[in-house]
Amino acid sequence: MSDMFIFMAQVYRELQPFVAHPEGGGHGVLEMPSGTGKTISLLSLIVAYQRAFPLEVTKLIYCSRTVPEIEKVVEELRKLMEFYSKQTRESNNFLALALSSRRNLCIHPEVSSLRFGKEVDGKCHSLTASYIRAQHHSNPSFPVCQFYEEFDAVGRQVPLPAGIYNLDDLKDFGRRKGWCPYYLARYSILHANIVVYSYHYLLDPKIADLVSKELAKKSVVVFDEAHNIDNVCIDSMSVNITRRTLDHCQNNVDTLHNTIHKIKETDAAKLKEEYRRLVEGLKEANVARETDVYLSNPVLPDEILQEAVPGTIRTAEHFVGFLRRFLEYLKSRLRVQHVIQESAPQFLKDIYDKVCIDRKPLRFCAERLQSLLRTLEITDIADFSAATLISNFATLVSTYSQGFTIIIEPFEDRTPTIANPVLHFSCMDPSIAIKPVFQRFQSVIITSGTLSPLDIYPRILDFHPVTMASFTMTLARTCLCPLIVGRGNDQVALSSKFETREDFAVIRNYGNLLMEMSAIVPDGIVAFFTSYVYMENIVASWYEQGILENIQRNKLIFIETQDAAETSMALEKYQEACENGRGAILLSVARGKVSEGIDFVHHFGRAVIMFGVPYVYTQSRILKARLEYLRDQFQIRENDFLTFDAMRHAAQCVGRAIRGKTDYGLMIFADKRYARADKRGKLPRWIQEHITDGSLNLTVDEAVQLSKHFLRQMAQPFRQEDQLGLSLLTLEQLESEEMLQKIAQVAHQT
Amino acid sequence: MASLSEEVLLVVKKVRQRKQDGTLYLMAERIAWGPEGKDRFTVSHLYADIRCQKISPDGKAKVQLQLVLHSGESTTFHFANESTALKDREAAKELLQQLLPKFKKKANKELEEKNRMLQEDPVLFQLYKDLVVSQVISAEEFWANRLGGVTNTDPAQYKYKQEVGISGAFLADIRPQTDGCNGLRYNLTADIIESIFRTYPAVKQKYNENVPHNLTEKEFWTRFFQSHYFHRDRINTGTQDIFSECAKQDEKGLKSMVVQGVKNPLVDLLSLEDKTLDEGYGVCGAQPSTSNSNRTVKESSNYAIIKRFNHHSAMVLAAGSRKGETPTDQASETSSTDGNSRDSDFFQPPVKKVKLQEEYEDLQQENRPKTVPLNLKKSDRYAHGPVPLQSQQYTTSQDIINSVNYIQHEMANYKPNLTQVLSSTVATSAISALSPGGVLMQAGAQQAINQMVPSEVQGELKHLYVAAGELLRHFWSCFPVNTPFLEEKVIKMKSNLERFQLTKLRPFQEKIQRQYLSTNLTGHLEEMLQTAYNKFHIWQTRRMMRKT
């Protein structure tokens, strides 16, 4: 609680500048342990600002990572607003809403029964595209989505009444009115005071262009759970092309060709009309764009939209021919026998030399394809994903000369005999995708429970923060117990490093650690390995050695697999087993889906064991290229980045178990390398400060003794009174002079 | 012979016992053996008394079967019919195997029940200690009219038997042991078999299909252990294996579980991400394909192990909770078959709603004042409550003033009349009579018995009362004595009472005498006993008279 005020003081300092000078913005990086009220502090402070200076801070854009997290934020907001209306005794006219994909918002009986997001999007598109609706006009038996029709007819005139709308509330509202909740939400975010959505909507240029383009400049943007934000940026800008993609694309091009032929015979005017439009420039191509969700082009620089499409690809046949040529060129590139790495300018030069494709038409490729698909009235855009991918690649590769690399691998490293050529066009500079966000919005706050070391984020994202701070927890009792287990009982050094990976002694000792822990820790234990392959090998040898059977005497074992559905089931059973008192162990993988999105509150995770240091697979060429780029551009040494990356994932994994001050859990780092200062120093402050010198290089037995002691202490009842004055404050305590001084003091220090 | 009326399940001739030829009978409730040519059984054991049976190893010359009793004794039968000895023994063994568990359960159940009663009722336990452990009456007598009554009257209480779950490691308990000559021996117990059946219903089905028509039990389990099904890291190769179908069924079950999806949206990894990258985008892109084509053998065996562990744990978990949760399971199934349950909020599991609103219990305002749990010593007093106010005669202040004035007036005029006072001796005796211990204070002393007697003596007295009451209950329940059995019992009870008086009551009386406490404490007990004796004497004399 006291932490929350210190935290708020920090955020306040950051927001302060643009109240004084509306021109100057401020960005910030803040780390605060989860469960200490990060979300509610941010919300309440920014909402207070919005109420005080409605003209300076018009909108709050709160970005989180997963759907449940988004919904949680909205629930917190609801509580805050209830508190406001209770205190002020008047209903405020705030509009806050969550936005998610169609899959989570659709209420159309047929469409919403589909299970996968892509299917829902495709089906929705086939019912709401503008030409479909035009056809419906002439022929009413043509199916359309009545919810969208209703919304289009009346929904836009009346703004959404003020209130807090979670995803389910939106659906309810939509059902009552007969309006499509998805389009209603997308329309309403323009005038809402608070928008909560996934950070893809802001960072992925393909979606951002569509959804977030018109959001007001005077917004405050918060990226919560942002420890992986650089990877999200990079992912959204990278493209992989395989032979399969090219084959699909070939089919697409053929279809286009045939369709053009057909249309030419029946309705040549249509193509002429398109040609005329393209001459006039792309501006008009935006008409009716809202519903025609061709996943639109990656970051088009504004100047392109002002220019007209070059003459070489303006007619439909020419463009298809152009695509063919480009495709053939890519095919020839994929026929290589050895690995090739080159930059974008090199690629462009090569393509000009070989097939005489200029840079300029390539840049317009994406936009031109969308226009053509629209003209040809292609219903199922999902079918054309390959062609879209290729055209996006063309646009990207011709737009950015820096920050990207092209790697062509003729086969996978593990299977050199099987030809499986892949062209990786990978982004190495996360700042490219996030740059528009920093430029457009006056204040961007990046926050998470685990952001250490803080200084690396401004460097790789290329921005200048006003504040950077890492907060700790004020605890009435030490509810976390980090232990670094460096040795087995037989003094064998424990480590997942490459040389000792296959060592039976290490594997056995790891098994021993898990077995001992399974005997003393109540309810759930989560164990993380560094990779799937490593986990599979260890599980197999534990099975052979009979270690797993012994563990089964104490707890049930569930294991994460690469199949998300299977893992979900295992996860649910794991929770069931924790719930009914049997106790269970979940073996999981750092960087896997579980480590990123699932919380193990209270008895679902009383201990987390991190087997090894989760370094990324360093032999990948893409990673090597990125490391090189980081070194050249940002002066970040390879090793620093790798360690940073490994430690943030480790912190992320162990942080899963502690989700608040009443929670408690063991954090066991089972690798001797964690004891080194360069690793330890990169853990979040709130974990670091509980690592004592005595717990740096423990044997398994010692760790068991310490854990027993810790667990026994934690099992004692813990009441509100114990926390009062320390980690909980009453109103009087908060208003006391002493406390205010303390907050001011701490806020200035950091 | 009474036993002949029993149902005889199996007769095996030429069975030797103590070097004597004879015939072995397996009957509904007991096993018996009679020597050749004689018409009675020299050996007879109730099944309930048998702890276990042992058989001689296959290779041995003598084909024997040994019964070990709960009392520790054992009886050995030697099957002597040369041609069919083995078959005879097997038949007897099989039958016993089926019969013994039934009776064992019954015996255990009874024991358990007694144990439970003793644990739940401390008074009964004390009584048991006083009467049975000190051998005033036998255990059977003690339980004779208790057990029946309890089990008959409230079976409901007995019904809620907790289902025992399955150990997660039951397969680990069948550690194979090498038997020295290139073979493995697996130890299977009835518990493990039950665990296997409960966890893997497919195996049970196979068992029912094949045993005993196609395979013997032993063959079945041998095949089970040989199958890849048991060895999870082996990959399915042949189809002649009867368990390959089980594996397929499991696979199907697993798949259907996966397809069904999870009910808790917070753990559904598929819908966690709001927007996944389209195919072709992203850095890692070319994921190692999950199809089995380019997996190495080792990798797919590892994968199989992982899958099997997940499945095994899920099955164990399900087996543990299957009984209790059937109704809820069904409910959820119907809701999921209801069509598009995914989008309709009505079916949204309440978990989601609860979990989204994270509650910090330490931040919750405690509105209610702390309550103290009500601890009632005498609940009836609580139930009856305070007596309602009765209309009373109030004295007004004027009355009081008047009376004070009156008393003052009286006092002012008081003159001691010294000629009429008591003599000093009489006064002293009166004072002594009124002081504690005096004649007139006796009643007060009686009342204060709980202060005067130390608590352990009180406790002991209580136990004595309970024990005596129990014995007397037994005694009086014999009247009117109209059967020979009751006659016998009443005589026994009388001697029990006497023994009680001698071994329990007397020492207690001596003890309180030593502590200089009033011997009255046991007066009532003795009175009760005396009444019983009187009754007994009257009855006895009457009987004598009738006899003569």
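Anything in the range A:379-421 that is within 27 Å of A:Thr315 (Cβ to Cβ), of a type in the set (A, V, I, L, M) and surrounded by 19 or more Cβ atoms within 10 Å (Cβ to Cβ)? List them, or say none. Steps first, answer last, please.
First, the residues of the range A:379-421 that are within 27 Å of A:Thr315 (Cβ to Cβ): A:379-399.
In the following step, the residues that additionally are of a type in the set (A, V, I, L, M) were identified as A:381-382, A:386-387, A:389-390, A:394, A:396-397.
Within the range A:379-421, A:Ile381, A:Ala386, A:Ala387, A:Leu389, A:Ile390, A:Ala394, A:Leu396, A:Val397 meet the criteria.
Just give me the residues in the range A:596-621 being of a type in the set (A, V, I, L, M) and touching a Gly at 6+ places or on another chain (Cβ under 9 Å), in sequence order.
Step one: filter the range A:596-621 for residues of a type in the set (A, V, I, L, M), giving A:598, A:601, A:607-610, A:613, A:616.
If the condition is that a residue be of a type in the set (A, V, I, L, M) and touching a Gly at 6+ places or on another chain (Cβ under 9 Å), then A:Val601, A:Ala607, A:Val608 are the ones that fit.
Please note which helices (runs of 4 or more DSSP H) are completely contained in the range A:164-238 and include at least 2 residues that are within 19 Å of A:Gly28 (Cα to Cα). Spell out the reasoning first.
Working: elements: A:167-177, A:181-188, A:200-203, A:205-211, A:229-237.
So the answer is A:200-203, A:229-237.
Name the residues in the range A:75-96 that are surrounded by fewer than 23 Cβ atoms within 10 Å (Cβ to Cβ) and among the aliphatic types (A, V, I, L, M), would you?
A:Leu80, A:Met81, A:Leu95, listed by residue number.
Conditions (1) out of contact with any Cys (no Cβ under 8 Å at 6 or more places or on another chain); (2) more than 22 Å from A:Asn550 (Cα to Cα); (3) at pLDDT 70 or above, marked per residue:
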site: B:Arg175; (1), (2), (3): yes, no, no
site: B:Gly180; (1), (2), (3): yes, yes, no
site: B:Ile193; (1), (2), (3): yes, no, yes
site: B:Lys204; (1), (2), (3): yes, yes, yes
site: B:Tyr207; (1), (2), (3): yes, yes, yes
site: B:Thr237; (1), (2), (3): yes, yes, no
site: B:Ser244; (1), (2), (3): yes, yes, yes
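With respect to B:Tyr128, is the statement that it is modelled with pLDDT of 75 or more and over 27 Å from the mean Cα position of the chain (by Cα) true? Let's see the steps before the verdict.
On the way: modelled with pLDDT of 75 or more: yes; over 27 Å from the mean Cα position of the chain (by Cα): no.
No: the conditions fail for B:Tyr128.
Would you confirm whether any residue within the range A:555-573 is more than 7 Å from chain B (Cβ to nearest Cβ) and of a type outside the set (D, E, K, R)?
no
Would you say A:Val485 is among the β-branched types (Val, Ile, Thr), at pLDDT 85 or above and farther than 23 Å from A:Lys624 by Cα? Before the answer, list the steps.
Working: among the β-branched types (Val, Ile, Thr): yes; at pLDDT 85 or above: yes; farther than 23 Å from A:Lys624 by Cα: yes.
So A:Val485 fits the description; yes.
Scan the range A:70-103 for residues that are basic (Lys, Arg), farther than 30 Å from A:Pro143 by Cβ and assigned to a helix (DSSP H, G or I) and jot them down.
So the first thing to find is which residues in the range A:70-103 are basic (Lys, Arg), and the list is A:72, A:78-79, A:86, A:89, A:102-103.
Filter once more, so that each one left must be farther than 30 Å from A:Pro143 by Cβ: A:72, A:78-79, A:86, A:89.
Passing the criteria: A:Lys72, A:Arg78, A:Lys79, A:Lys86.
So which of A:Ile194, A:Ile189, A:Ile132 is more than 14 Å from chain B (Cβ to nearest Cβ), surrounded by 23 or more Cβ atoms within 10 Å (Cβ to Cβ) and either over 30 Å from A:Ile460 (Cβ atoms) or at pLDDT 90 or above (or both)?
Numbers: A:Ile189 fails: either over 30 Å from A:Ile460 (Cβ atoms) or at pLDDT 90 or above (or both); A:Ile132 fails: surrounded by 23 or more Cβ atoms within 10 Å (Cβ to Cβ).
Going through A:Ile194, A:Ile189, A:Ile132 in turn, just one is more than 14 Å from chain B (Cβ to nearest Cβ), surrounded by 23 or more Cβ atoms within 10 Å (Cβ to Cβ) and either over 30 Å from A:Ile460 (Cβ atoms) or at pLDDT 90 or above (or both): A:Ile194.
Go through the range A:104-118 and give me each residue that's in a helix (DSSP H, G or I) and without any contact (Cβ under 8 Å) to a residue 40 or more places away in the chain.
If we filter the range A:104-118 for residues that are in a helix (DSSP H, G or I), which is where we start, we get A:104-105, A:111-113, A:117-118.
Once the filter is applied, which keeps residues that are in a helix (DSSP H, G or I) and without any contact (Cβ under 8 Å) to a residue 40 or more places away in the chain, the range A:104-118 yields A:Val111, A:Ser112, A:Ser113, A:Gly117.
Being assigned to a strand (DSSP E or B), touching a helix residue (DSSP H, G or I) at 6+ places or on another chain (Cβ under 6 Å) and among the polar types (S, T, N, Q) narrows it down to one residue among B:Gln53, B:Gln66; which is it? Show your work before the answer.
On the way: B:Gln66 fails: touching a helix residue (DSSP H, G or I) at 6+ places or on another chain (Cβ under 6 Å).
Being assigned to a strand (DSSP E or B), touching a helix residue (DSSP H, G or I) at 6+ places or on another chain (Cβ under 6 Å) and among the polar types (S, T, N, Q) holds for just one of B:Gln53, B:Gln66, which is B:Gln53.
Any idea which residue in the range A:613-629 is farthest from the chain's Cα centre (by Cα), counting only those that are more than 14 Å from chain B (Cβ to nearest Cβ) and crowded, with 17+ Cβ neighbours inside 10 Å?
A:Val613
May I ask you to list pairs of residues, at least six apart or on different chains, whose Cβ atoms are under 7 Å apart, with the first in the range B:503-517 being farther than 13 Å from B:Tyr465 by Cα and touching a residue at least 12 places away in the same chain (Cβ under 8 Å) and the second being of a type outside the set (Val, Ile, Thr) and surrounded by 12 or more Cβ atoms within 10 Å (Cβ to Cβ)?
B:Thr503/B:Ser134; B:Ile512/B:Leu521
Identify, from the list B:Leu521, B:Leu517, B:Leu471, the residue that is at pLDDT below 80 and under 23 Å from B:Val123 (Cα atoms).
Testing whether each residue is at pLDDT below 80 and under 23 Å from B:Val123 (Cα atoms) leaves just B:Leu521.
It is to be established whether one or more residues within the range A:380-393 are over 30 Å from A:Tyr131 (Cβ atoms) and more than 11 Å from every other protein chain (Cβ to nearest Cβ). If you could, list the steps in order and put the result at the bottom.
Here is the first cut: in the range A:380-393, the residues over 30 Å from A:Tyr131 (Cβ atoms) are none.
No, there is no match, as no residue in the range A:380-393 is over 30 Å from A:Tyr131 (Cβ atoms) and more than 11 Å from every other protein chain (Cβ to nearest Cβ).
I need a count of the residues in the range A:79-111 that are charged (D, E, K, R) and away from every other protein chain (no Cβ under 12 Å).
Filtering the range A:79-111 down to residues charged (D, E, K, R) leaves A:79, A:82, A:86, A:89-90, A:102-103, A:110.
Filter once more, keeping what is away from every other protein chain (no Cβ under 12 Å): A:86, A:89-90.
Of the residues in the range A:79-111, 3 are charged (D, E, K, R) and away from every other protein chain (no Cβ under 12 Å).
Kindly establish whether A:Glu412 is of a type in the set (D, E, K, R) and in contact (Cβ under 8 Å) with a residue 12 or more places away in the chain.
Details: of a type in the set (D, E, K, R): yes; in contact (Cβ under 8 Å) with a residue 12 or more places away in the chain: no.
Answer is no for this residue.
Would you mind finding the one in A:Thr388, A:Thr395 that is touching a Lys or Arg at 6+ places or on another chain (Cβ under 6 Å) and part of a helix (DSSP H, G or I)? So that I can check it myself, show each step before the final result.
Working: A:Thr388 fails: touching a Lys or Arg at 6+ places or on another chain (Cβ under 6 Å).
Result: A:Thr395 is the single residue among A:Thr388, A:Thr395 that is touching a Lys or Arg at 6+ places or on another chain (Cβ under 6 Å) and part of a helix (DSSP H, G or I).
What are the residues in the range B:471-484 that are farther than 12 Å from B:Leu529 by Cα and either buried (at least 16 other Cβ atoms within 10 Å of the Cβ) or over 33 Å from the mean Cα position of the chain (by Cα) (or both), if any? Give the steps one after another, and end with the answer.
Of all residues in the range B:471-484, those farther than 12 Å from B:Leu529 by Cα come to B:474, B:477-484.
If the condition is that a residue be farther than 12 Å from B:Leu529 by Cα and either buried (at least 16 other Cβ atoms within 10 Å of the Cβ) or over 33 Å from the mean Cα position of the chain (by Cα) (or both), then B:His474, B:Cys478, B:Phe479, B:Pro480, B:Val481, B:Asn482, B:Thr483, B:Pro484 are the ones that fit.
Results for (1) among the basic types (Lys, Arg); (2) more than 10 Å from chain B (Cβ to nearest Cβ); (3) surrounded by fewer than 20 Cβ atoms within 10 Å (Cβ to Cβ), shown as yes or no for each residue.
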| residue | (1), (2), (3) |
| --- | --- |
| A:Gln575 | no, no, no |
| A:Ile585 | no, no, no |
| A:Arg631 | yes, yes, yes |
| A:His649 | no, yes, no |
| A:Val654 | no, yes, no |
| A:Lys661 | yes, no, no |
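Hey, could you check the range A:519-550 for residues that are in contact with a strand residue (DSSP E or B) (Cβ under 6 Å, 6 or more places away or on another chain) and part of a helix (DSSP H, G or I) and say which is surrounded by the most Cβ atoms within 10 Å (Cβ to Cβ)?
Looking at the filtered set, the residue picked out is A:Met535.
If you scan the range B:2-50, which residues turn out to be in contact (Cβ under 8 Å) with a residue 60 or more places away in the chain and part of a strand (DSSP E or B)?
Residues of the range B:2-50 in contact (Cβ under 8 Å) with a residue 60 or more places away in the chain: B:9-10, B:12-17, B:24, B:26, B:29, B:31.
Passing the criteria: B:Leu9, B:Leu10, B:Val12, B:Lys13, B:Lys14, B:Val15, B:Arg16, B:Gln17, B:Leu24, B:Leu26, B:Ile31.
Determine whether A:Gly681 is surrounded by 16 or more Cβ atoms within 10 Å (Cβ to Cβ), assigned by the TED database to the domain that holds A:Lys497 and among the small types (Gly, Ala, Ser). Walk me through it before giving the result.
Values: surrounded by 16 or more Cβ atoms within 10 Å (Cβ to Cβ): no; assigned by the TED database to the domain that holds A:Lys497: yes; among the small types (Gly, Ala, Ser): yes.
In short, no.
Given the options A:Val73, A:Val67, name the one that is closer than 17 Å to A:Asp169 by Cβ and facing chain B (nearest Cβ under 8 Å).
Working: A:Val73 fails: facing chain B (nearest Cβ under 8 Å).
Sole residue among the options that is closer than 17 Å to A:Asp169 by Cβ and facing chain B (nearest Cβ under 8 Å): A:Val67.
Cβ contacts < 7 Å: first residue hydroxyl-bearing (Ser, Thr, Tyr), restricted to the range A:718-738; second residue in a helix (DSSP H, G or I) and surrounded by 12 or more Cβ atoms within 10 Å (Cβ to Cβ), any location; separation 6+ or different chain. Result?
That search, which allows pairs on different chains as well, returns A:Ser727/A:Ser2.
Going by what's in this entry, would B:Asp58 be described as surrounded by fewer than 16 Cβ atoms within 10 Å (Cβ to Cβ) and outside any strand (DSSP E or B)?
Working: surrounded by fewer than 16 Cβ atoms within 10 Å (Cβ to Cβ): yes; outside any strand (DSSP E or B): yes.
For B:Asp58, the condition - surrounded by fewer than 16 Cβ atoms within 10 Å (Cβ to Cβ) and outside any strand (DSSP E or B) - is met.
Which residue out of B:Glu527, B:Glu470 is of a type in the set (D, E, K, R), assigned to a helix (DSSP H, G or I) and touching a residue at least 60 places away in the same chain (Cβ under 8 Å)?
Details: B:Glu527 fails: touching a residue at least 60 places away in the same chain (Cβ under 8 Å).
Answer to the selection: B:Glu470.
The values are calculated or read from the model by the stated rules, or taken from the named source; none is laboratory data. Just so it is clear, the model here is predicted, and its values are computed rather than measured. Methodologically, a virtual Cβ is constructed for each residue, glycine included, from the backbone with ideal geometry; neighbour enumeration extends over all protein chains shown.
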